[in-house]
1. Being among the aromatic types (F, W, Y) and more than 23 Å from M123 (Cα to Cα) is the filter here, so list the residues in region 3-50 that pass it.
2. Of the conditions (1) open to solvent by 70 Å² or more (accessible area, probe 1.4 Å); (2) touching a residue at least 12 places away in the same chain (Cβ under 8 Å); (3) polar (S, T, N, Q), S27 fails just one. Which one is it?
3. Go through region 206-220 and give me each residue that's open to solvent by 90 Å² or more (accessible area, probe 1.4 Å) and of a type outside the set (D, E, K, R).
4. Search region 213-229 for residues that are closer than 16 Å to E178 by Cβ and pair each with any residue that is at pLDDT 95 or above and part of a loop (DSSP other than H, G, I, E, B) when their beta-carbon atoms are under 7 Å apart and the residues are at least 6 apart or on different chains.
5. Quick check on my filter: what residues within region 12-21 are surrounded by 11 or more Cβ atoms within 10 Å (Cβ to Cβ) and under 33 Å from the mean Cα position of the chain (by Cα)?
6. Answer yes if at least one residue in region 117-125 is open to solvent by 80 Å² or more (accessible area, probe 1.4 Å) and assigned to a helix (DSSP H, G or I), and no otherwise.
7. Only one of these is within 19 Å of L69 (Cβ to Cβ) and either modelled with pLDDT under 95 or more than 14 Å from the chain's Cα centre (by Cα) (or both): G104, G118. Name it.
8. What tally of residues in region 182-202 results from selecting those that are surrounded by fewer than 19 Cβ atoms within 10 Å (Cβ to Cβ) and in contact with a Ser or Thr (Cβ under 9 Å, 6 or more places away or on another chain)?
Amino acid sequence: MNNIKAMAHKLRLPCIKNNYLEAINESMERQYSYEQFLEYLLSKETESRANNSISRRVKAAKFPYLKYLTELKYDAFPLEVANHIRELQNLNFINQGKNVIFVGNPGVGKTHTAIGLGIKACMEGKNVLYITTPNLITELKESMTLNQLTNYKKKFINYDLVILDELGYITFDKQGSELLFNLLSMRNEMKSIIITTNLTFNRWQEVFNDPTLTAAMVDRLTHKSHVINIKGDSFRLKETKEWLNS
């Protein structure tokens, strides 16, 4: 038994190392043949590695919390919105390099849906990054100060999916707006971005303070993209009222 454990450790087979006794007992109970036992043992190792790989990608994505598509209350959305979200779950928009833009008031489910799509992408082997727009601007400026902007851009472009949350809550100076525009332009029609915003496109100038840059930004991000306008009251406000009433 010690030899089995040592060799599994040397071959980097942690699932077999930690669970071989259980596998032997279960195989004996089910009267597996040698071939079935070997297949069972290797399938457990493969399944464990796949789950660990998903966990690593989810952790690397830096989601602020975990929200799954199965937790969405589809009946709370307008039918057209619910159907559009269901359509996005096949993740074809990522393979096609298309963007998704969720527009709506705070609390209507934009971030939940975006994170749910991001987690599903992680589960299907995609590399994902979640970041708020203000934090992205801050990181870009810090990278430029440290002369690491080129490396930052290379890393950013390699993500299969970037989730850019909370566009519209904070205005940016000229430098920040230009850095963001250049960065997002690099992914245009090549790699997907999910954007959540509380502002309709005609109000984006309030954030970027430059009509020309704003027009170019909107034009590039919306070209062949999925734009989903989620109307309704805040789910969080509804839940708070229900809690107070109870």
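The values are calculated or read from the model by the stated rules, or taken from the named source; none is laboratory data. Computed from a prediction, not measured in an experiment: that's the story for all the values here. Glycine gets a Cβ as well: all are built from the backbone with ideal geometry, and neighbour counts include every protein chain shown. With ligands, DNA and RNA removed, areas are computed over all heavy atoms of the protein, side chains included. Shrake-Rupley method; radii C 1.70, N 1.55, O 1.52, S 1.80 Å.
1. Keep residues of region 3-50 that are among the aromatic types (F, W, Y), which gives 20, 32, 34, 37, 40.
Within region 3-50, Y20, Y32, Y34, F37 meet the criteria.
2. (1)
3. Across region 206-220, the qualifying residues are N209, T212.
4. Listed pairs, sorted by first residue: L221/N99.
5. L13, P14, C15, I16, K17, N18, N19
6. Checked region 117-125: at least one residue is open to solvent by 80 Å² or more (accessible area, probe 1.4 Å) and assigned to a helix (DSSP H, G or I).
7. Values: G118 fails: either modelled with pLDDT under 95 or more than 14 Å from the chain's Cα centre (by Cα) (or both).
Sole residue among the options that is within 19 Å of L69 (Cβ to Cβ) and either modelled with pLDDT under 95 or more than 14 Å from the chain's Cα centre (by Cα) (or both): G104.
8. Qualifying residue count, region 182-202: 1.
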